[in-house]
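As C-alpha cells, the structure follows; a few thoughts come after it.
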Amino acid sequence: MSKATALPIVDLTPFVMSASSDEQLARAKHLVEACRDVGFVFIQGHGVPKETIQQAFEISKKFYDLPKEEKMKASHPPGWTVHRGYSWPGLEKVSNATSSVDARDIAAQLREVQDFKESYEIGSEDNPDMPNVWLPDEVFPEWKPFMTGFYWTCWQAARMILQALSLGLGIEEDKILGPHSGHYNQLRLLHYPPIPSSYVEDNIFARMPAHTDWTTITMLFQDDCGGLQVESPTQPGVFIDIEPIPDTLVLNVGDLMMRWTDDYLKSTQHRVQLPPLQDRAIVTALVAAASALPSPLVLVERQERSLEDYISRQFNISLQGALLNIGGTNSSLVPGALPGYVVASPSKINPDYFYSWTRDSALTELMITDELIFGTERVGNISLQTVVEDYTSAQAFLQTVTNPSGTLWPAGLGLGEPKFFTNGTRFNGAWGRPQNDGPALRATTLMEISYAIFERNPMAAQIVSSIYWPIILNDLLYVGQYWNTTSYDLWEEVNGNSFFTMTAQHRALVQGSLLAARLNTTCAPCNQAPQVLCMLQNFFWNSTSNYLLANINANQVTRSQINADPILAAMHAFDINATCDAAALQPCNSRTLATHKVWVDSFRNLYPVNHNATAPAAVLTGRYPEDTYYTGNPWYITTLAAAEVLYDAAAQFSKAGSITVDSTSLPFWRDLSPNITAGTYTNYTAVNNLITDMRTYADGFLELVQQYTPANGTLNEQINKTSGEPLSAIALTWSYAAFVTAAERRDGQFPPSWGANSVQANQKINGTCPFGAYNATTQYTPASAAGAPNITKPCETLVTFQLIYQTGNGENTYIVGNTSLFGNSLNSTSPNNTIAVLRTNNVTAAEPKWFEPAWLPAGVPVAYKYLIANSTSGTFTFENITRYITPPACGNNTNVTTYDIASFSPHS
C-alpha cells in the first residue's frame, strides 16, 4: 500500500451559483479530466449543506445504535431483487473477481472472508420496482422524514454533477441526464461496527473488498475516520489511502458511465480497509453513499391512460403534491418549513427553490381556497381550512419582517420583497427587487379566503374585519402607493412595468373596494384602480404585430416581449360573469386570443420536441422565445396556461351564446376554422362548433402535458426541449397548482366572481392617463389579530443611497452600516445580518447607478460603506473609506439622495 495521496479536487461552485458559462465550462473540463485519469475525485461546492450532511450522520448513528431487534423491523427483503431496508453484518458479501484466472475460484476465495458491515438502502418512494422498507414510526419517528428529504437533496447534487459531465464531455445534456429521473437512485447508509483490527489484518473479516460500482456515478460522504482506498491509476494492484477532506464529497465513475462513454471515463476499483489511525485496536466508521441510476422507463402516461383517466389521476396527485410542499402538513418533503409557508419546490440545489415566494404562495393558496369553496374539505388527513388559516398567520408575520426591500413602517417598502426562507426569516442575497405583483396577489388570495368565510361562517363580518382586513389593507396600501413604479416581472428578470403585475394590481384594488363596502369601511388606495386600468388599456398593445406586450419601460431589455405574461394575466382576471369586452382583460377578449396565437406560434419551430407542428396542433410552450434559463425549455406552468385560458374563454362564449370574430382575433380563429370570416356568430350550432374546436385545441395542450408527465405524476418546472425529460426544480408547487386549476376549468368549476363587471372595475379615464399615486406613508400597521408582532414606529426620513459603480461578472453591490437596517456593522459579510442589497433599476450603460431607498431614524447620524460581493468566488471587497450621513430631523419633510462614487477599483 502506498503513502497517502490526495485525489484531484474539483470545485463546482459555479454550477451552484449559476455563474458564467465560461467558468462552468472550465470546471466541467477539469471534472472530466479527473474522471478520465483517476475515476475518483473530491467535489467541493457540491451544494449539499454542511448542516444537512452532519444531520445525516447524526441520525444514521442513532439508527445504528438501536438494538438489533429494533433494526430488524426494517430488514432487507429476502432475495437479491429488492435492495431496500436494513442489512445486518454478514448478510451482504462483496466479491469482484478481476484476475485472469478462473473467476469462480477467485470469487469462492473471496467469499470465505466475511464482510463485517451493516447497511440501510433507501430509494424513491415512487419506485414501484423497489419499494422502501421503513422502520415503524414509533421506533424512530424522524428516520423516514429526514432520509426521504436527504435522498432528494443528494439527487440534486448528482443531477448537477451529471450536467457538469455532459458539459465537460461536449455532448448534449440530455444524453447523460435525460435517462435519469431521480426515482431509480439508491441512498446507501453504511456502518462499519467496532472490530478488533487484528480480525481484518488476519483476514478473518473484511470491511469491503476491492470492487467497482455498476452505477453511472456514486457520491460518497465520509466521516473523519477514513478507510477508503482507491487503486492507483499508474500501479495496478496498489491501493491509495483517501483521507477525508472536510466539506467535500468523493465522486467515482461507475461501470455504466464507463460503458456509456466507450471507456473514456474510468470506473476504478476501490475498497474499504482499516483507517490509517495510530490506535486501531477497535475502529468504527459511518459512510453515506448515493448512487445515480437511469430509469428503465420514464414516460408512460400517454400510452397507459386516456386523457380523462390521466386528468382524474393527475388531479389528485397535483392537489396533494401542492399541499405536501406547504409547512404544517407533516410532509417529509419540506423539513423545517413553518406552518403556512408554501415552499416553491423541495429542490435545494441546481436550482435551489427551497424558499417561500410571495407570488407562488398566493397563487397556490388561491387554488386551495377555491378548492375549499368547491367543496373539498380535506385531502387525506390535511384540512384545507387549516392550510389557509396557517397561510394567513404566516403572511401577517411576514409583512412585518425587515428585509432587503425595506420595512413595513413607515412606507411599506418591505412588502415588495419577493421571497423568504421557509422559517420566516429574510433572504439577504442579490435578487430582482422589488416585485410588485406579490402584495396584489396576496391581497386577492386573502380576499378569496374572506369570501369563503362569508359562505361558511355566520360571524364572517367580524372575523374578516378584525383578522383579514388589516393584512389585506397593508397590501392594498402598497399597491396604491407603488403601482406607478417599476419593479421586476413575474419571471424575476425584467425591471419595468409588467402587464401581469398591473392586471393583478387592478383586480386587487377593485376587489378591495368591493370588500371594503361589504365591511362598511373604506379603501382609499383602491381609488387608484382607474389609473391602473388606463395604463393597461393604452400602453401594452402592439397593434403592428397583433399581441400584448409583456413589459414596457423595461431597463436595458431587448426582446420581442412575446411572453406568457399576458396569458397568465387574463387567467388571473378571469371572471365567469364578465363579458368579453370588460375593461379587465378577459380570456375571451380578442386581444387575449391574438396574443395566445402569437405566443404559441413562437415555440412551434423553436423546440425540437414540438417537431415543427402547425396549427391547430398544440405544442409545448415556454415563458418567452428568447429564454435562456436552463438553455430555454417548455414549462409545465405555461403549457397548462395555454389550455386553461382557452377553457376559460370557451366557458365565457358558452355563457354569452355568441362569438364575435374581429380583425384582431381572426388569425386565431382561422387556425381552428380555416374558412371563418369576421362577424358575430349567434347561431347555436355555429357557436357550439367553434367552442368545441376551442376546447379540443385546449385538450391538445393537456395531452402534451400528459405525454411528458413521469409515471409517478411529479411535475417539475420544465421539460427538456429535446428529449422531453422533466427538468429543473422537482415537484414545483406552481406546476401542481396550475394543473389543478386547468383541470377544474375544463370540468366547468369556476371561482366566484371578483367583480369584473362592477362599476369599480370599469371606470375608464378619457384622455391622458394620470400617473399619480396614493401616499400611504405612516398608514401601514401590523395585523396583530392575525398574529403579526408589534413593531416600533419611530419618526423616520427617507434616504436614497446611490452608488456609481460598473460591476464585473458575478458582482453585486451591497451596503452596510451602523444602523439596524444595514446590519449594525461596517465590516459584516454574515448572511445572518441585515445587509441591504442595492437595486439595479437605475443602472444604464451610460451611468451604472445602483440605489437603495431606506427609511432611517430622523436626525440620527449613520456611518456606512459599500461592498462588492462576487457570487462566483464568494469573496467580498469593502470600500476603503467610511461615509457618513445625517437624515433630516423629524418634521423636516425633506428626503435625501446621495450620489456616491465607488472608492474601490472596478472588478476588484
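The values are calculated or read from the model by the stated rules, or taken from the named source; none is laboratory data. The shown structure was predicted, so the numbers you read here are calculated from the model rather than taken from an experiment. For neighbour counting, all protein chains shown are included, and Cβ atoms are generated from backbone atoms with ideal geometry for every residue, glycine included. Note: areas computed on protein heavy atoms with side chains; ligands, DNA, RNA excluded. Shrake-Rupley method; radii C 1.70, N 1.55, O 1.52, S 1.80 Å.
Would you confirm whether or not the range 576-585 contains a residue that is closer than 24 Å to Pro752 by Cα, in contact with a His (Cβ under 7 Å, 6 or more places away or on another chain) and open to solvent by less than 40 Å² (accessible area, probe 1.4 Å)?
The answer is yes, given that some residue of the range 576-585 is closer than 24 Å to Pro752 by Cα, in contact with a His (Cβ under 7 Å, 6 or more places away or on another chain) and open to solvent by less than 40 Å² (accessible area, probe 1.4 Å).
So that you can scan it fast, the table gives a plain yes or no per residue for (1) over 28 Å from the mean Cα position of the chain (by Cα); (2) part of a helix (DSSP H, G or I); (3) at pLDDT 60 or above:
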{"site": "Ser267", "(1), (2), (3)": "yes, no, yes"}
{"site": "Gln278", "(1), (2), (3)": "yes, no, no"}
{"site": "Tyr310", "(1), (2), (3)": "no, yes, yes"}
{"site": "Leu319", "(1), (2), (3)": "no, yes, yes"}
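Looking at Ala845 and the list (1) farther than 29 Å from Ala529 by Cβ; (2) open to solvent by 60 Å² or more (accessible area, probe 1.4 Å); (3) modelled with pLDDT of 80 or more; (4) not acidic (Asp, Glu), which single condition is not satisfied?
(3)
Any residue at all in the range 488-498 that is outside any loop (DSSP other than H, G, I, E, B), in contact with a Lys or Arg (Cβ under 8 Å, 6 or more places away or on another chain) and farther than 30 Å from Thr386 by Cβ?
Yes, the conditions are met somewhere in the range 488-498.
Yes or no: the range 722-739 includes at least one residue that is within 30 Å of Gly178 (Cα to Cα), surrounded by fewer than 19 Cβ atoms within 10 Å (Cβ to Cβ) and in contact (Cβ under 8 Å) with a residue 60 or more places away in the chain.
yes
Restricting to the range 863-881, give me the number of residues that are open to solvent by less than 50 Å² (accessible area, probe 1.4 Å) and either touching a residue at least 60 places away in the same chain (Cβ under 8 Å) or hydroxyl-bearing (Ser, Thr, Tyr) (or both).
Of the residues in that region, 8 qualify.
Out of the residues in the range 476-504 meeting the condition of being open to solvent by less than 10 Å² (accessible area, probe 1.4 Å) and over 24 Å from the mean Cα position of the chain (by Cα), tell me which one is nearest to Met535 (Cα to Cα).
Checked the range 476-504; the qualifying residue nearest to Met535 (Cα to Cα) is Trp483.
Of the residues that sit in the range 1-56 and are among the acidic types (Asp, Glu), in a helix (DSSP H, G or I) and within 29 Å of Phe354 (Cα to Cα), which one is modelled with the lowest pLDDT?
Asp22
Test of understanding: among Ala584, Ala569, Ala554, which residue is within 25 Å of Phe653 (Cα to Cα), part of a loop (DSSP other than H, G, I, E, B) and of a type in the set (A, V, I, L, M, F, W, C)?
Ala584
Tell me, which helices (runs of 4 or more DSSP H) lie completely within the range 171-265 with 1 or more residues that are of a type outside the set (Val, Ile, Thr), closer than 28 Å to Lys61 by Cβ and at pLDDT below 85?
It comes to 197-201.
Mind telling me which of the residues Ala729, Ala761 ends up being part of a helix (DSSP H, G or I) and of a type outside the set (Lys, Arg)?
Ala761
Looking at the structure I just gave you, is Thr834 more than 30 Å from Asp22 (Cβ to Cβ), at pLDDT below 75 and not aromatic (Phe, Trp, Tyr)?
The answer is yes for Thr834.
May I ask you to list the residues in the range 379-396 that are under 23 Å from the mean Cα position of the chain (by Cα) and of a type in the set (Gly, Ala, Ser)?
Correct list: Ser393, Ala394, Ala396.
Mind checking whether some residue in the range 693-714 is open to solvent by less than 30 Å² (accessible area, probe 1.4 Å), of a type in the set (S, T, N, Q), touching an Asp or Glu at 6+ places or on another chain (Cβ under 6 Å) and farther than 25 Å from Ala613 by Cβ?
The answer is yes, given that some residue of the range 693-714 is open to solvent by less than 30 Å² (accessible area, probe 1.4 Å), of a type in the set (S, T, N, Q), touching an Asp or Glu at 6+ places or on another chain (Cβ under 6 Å) and farther than 25 Å from Ala613 by Cβ.
Conditions: (1) buried (at least 21 other Cβ atoms within 10 Å of the Cβ); (2) assigned to a helix (DSSP H, G or I); (3) in contact (Cβ under 8 Å) with a residue 60 or more places away in the chain. Leu408 meets all but one. Number of the miss?
Among (1) buried (at least 21 other Cβ atoms within 10 Å of the Cβ); (2) assigned to a helix (DSSP H, G or I); (3) in contact (Cβ under 8 Å) with a residue 60 or more places away in the chain, Leu408 violates only (2).
Could you give every pair whose Cβ atoms fall below 6 Å, whose first residue belongs to the range 308-331 and is open to solvent by 40 Å² or more (accessible area, probe 1.4 Å), and whose second residue is assigned to a helix (DSSP H, G or I) and of a type in the set (Ser, Thr, Tyr), counting only separations of at least 6 or pairs across chains?
From residues that are open to solvent by 40 Å² or more (accessible area, probe 1.4 Å), there are no pairs.
Do the conditions hold for Asn428, that is, is it of a type in the set (S, T, N, Q) and open to solvent by 10 Å² or more (accessible area, probe 1.4 Å)?
yes
Return a yes/no flag: does the range 631-649 have any residue that is at pLDDT below 95, assigned to a helix (DSSP H, G or I) and not small (Gly, Ala, Ser).
Among the residues of the range 631-649, at least one is at pLDDT below 95, assigned to a helix (DSSP H, G or I) and not small (Gly, Ala, Ser), which makes the answer yes.
State all residues of the range 793-819 that are of a type in the set (Ser, Thr, Tyr), over 12 Å from Glu879 (Cα atoms) and open to solvent by 20 Å² or more (accessible area, probe 1.4 Å); if no residue qualifies, say none.
Within the range 793-819, Thr800, Thr807 qualify.
Which is open to solvent by less than 10 Å² (accessible area, probe 1.4 Å), of a type in the set (D, E, K, R) and out of contact with any Cys (no Cβ under 7 Å at 6 or more places or on another chain), of Asp648, Asp671?
Exactly one residue qualifies, and that residue is Asp648.
Is it the case, given these coordinates, that Thr621 is part of a helix (DSSP H, G or I) and open to solvent by less than 10 Å² (accessible area, probe 1.4 Å)?
For Thr621, the condition - part of a helix (DSSP H, G or I) and open to solvent by less than 10 Å² (accessible area, probe 1.4 Å) - is not met.
Quick one: Ser545 ticks every box in (1) part of a helix (DSSP H, G or I); (2) more than 29 Å from the chain's Cα centre (by Cα); (3) not β-branched (Val, Ile, Thr) bar one, so which box is it?
So Ser545 meets the others, but not (1).
Is there any pair linking a residue in the range 675-691 that is surrounded by 12 or more Cβ atoms within 10 Å (Cβ to Cβ) to one that is among the aromatic types (Phe, Trp, Tyr) and part of a strand (DSSP E or B), with Cβ under 8 Å and at least six apart or on different chains, and which?
Val687/Tyr681; Leu690/Tyr681
Being part of a loop (DSSP other than H, G, I, E, B) and in contact with an Asp or Glu (Cβ under 8 Å, 6 or more places away or on another chain) is the filter; apply it to the range 587-612 and report the residue that is surrounded by the most Cβ atoms within 10 Å (Cβ to Cβ).
The selected residue is Cys588.
Does Thr660 fit the bill of being over 16 Å from Ala729 (Cβ atoms), in a loop (DSSP other than H, G, I, E, B), β-branched (Val, Ile, Thr) and open to solvent by 10 Å² or more (accessible area, probe 1.4 Å)?
Here the answer is no, as Thr660 does not meet what is asked.
At pLDDT below 90, out of contact with any Cys (no Cβ under 8 Å at 6 or more places or on another chain) and surrounded by 15 or more Cβ atoms within 10 Å (Cβ to Cβ): which single residue out of Pro77, Pro89, Pro128 fits that description?
It is Pro89.
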